[in-house]
């Protein structure tokens, strides 16, 4: 009797893992999320905030610590969830562009872009995040625990809070 129950549980576990794997295969390995945001701050002010990686712990709600290389072109973020994200600066043009590549200890990597331009008395920002998750199991789990755009939305919410006049 116990043997049959254990076999049934094992079969159920195999089916669940197979289903999770199949779902992961159906999800594209790379997803892209884009947001357009208006800021009351100048493009120079917004760029200064996003390019100051040493100061991000002070205003980002999900970061516990940031370690920056001596040249400032690479850094590691330590989010509150216990993971690590290694970043590399690709391009930074004041008041215009900020592009970084990243790799997570959780098995994903990607590219993050900010394009800024003056708009009236403020800034129009276009932010894009590309995330690649090679492992189908991790794609499925990632889709359930952190849907595309979730981290970008939190980042932009924090950025708006520190760039808007009080």
Of all residues in the stretch 17-57, count the ones that are under 18 Å from the mean Cα position of the chain (by Cα), surrounded by fewer than 13 Cβ atoms within 10 Å (Cβ to Cβ) and in a helix (DSSP H, G or I).
-> 1
With respect to residue 139, is the statement that it is assigned to a helix (DSSP H, G or I) and out of contact with any helix residue (DSSP H, G or I) (no Cβ under 6 Å at 6 or more places or on another chain) true?
-> no
Test residue 149 against the stated conditions and say whether it is touching a strand residue (DSSP E or B) at 6+ places or on another chain (Cβ under 8 Å) and in contact (Cβ under 8 Å) with a residue 40 or more places away in the chain.
-> yes
Outside any helix (DSSP H, G or I), out of contact with any helix residue (DSSP H, G or I) (no Cβ under 7 Å at 6 or more places or on another chain), surrounded by 12 or more Cβ atoms within 10 Å (Cβ to Cβ) and modelled with pLDDT of 95 or more, is that true of residue 99?
-> yes
Options 61, 69, 83; residue that is loosely packed, with under 15 Cβ neighbours inside 10 Å, modelled with pLDDT under 95 and over 29 Å from residue 40 (Cα atoms) | 83
Evaluate the following for residue 68: is it touching a helix residue (DSSP H, G or I) at 6+ places or on another chain (Cβ under 6 Å) and either free of Cβ contacts under 8 Å to residues at least 24 places away in the same chain or closer than 26 Å to residue 143 by Cβ (or both)?
-> yes
May I ask you to verify whether residue 107 is at positive phi and under 11 Å from the mean Cα position of the chain (by Cα)?
-> no
Restrict the check to the stretch 115-134 and report whether at least one residue is assigned to a helix (DSSP H, G or I), in contact with a helix residue (DSSP H, G or I) (Cβ under 9 Å, 6 or more places away or on another chain) and surrounded by fewer than 16 Cβ atoms within 10 Å (Cβ to Cβ).
-> no
Count of the stretch 142-154 residues which are closer than 22 Å to residue 28 by Cβ and either under 11 Å from the mean Cα position of the chain (by Cα) or buried (at least 17 other Cβ atoms within 10 Å of the Cβ) (or both) = 9
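The values are calculated or read from the model by the stated rules, or taken from the named source; none is laboratory data. All figures in this text were calculated on a predicted structure; none of them were measured in a lab. With ideal geometry, Cβ positions are generated from the backbone for all residues, glycine too; neighbour counts draw on all protein chains shown.
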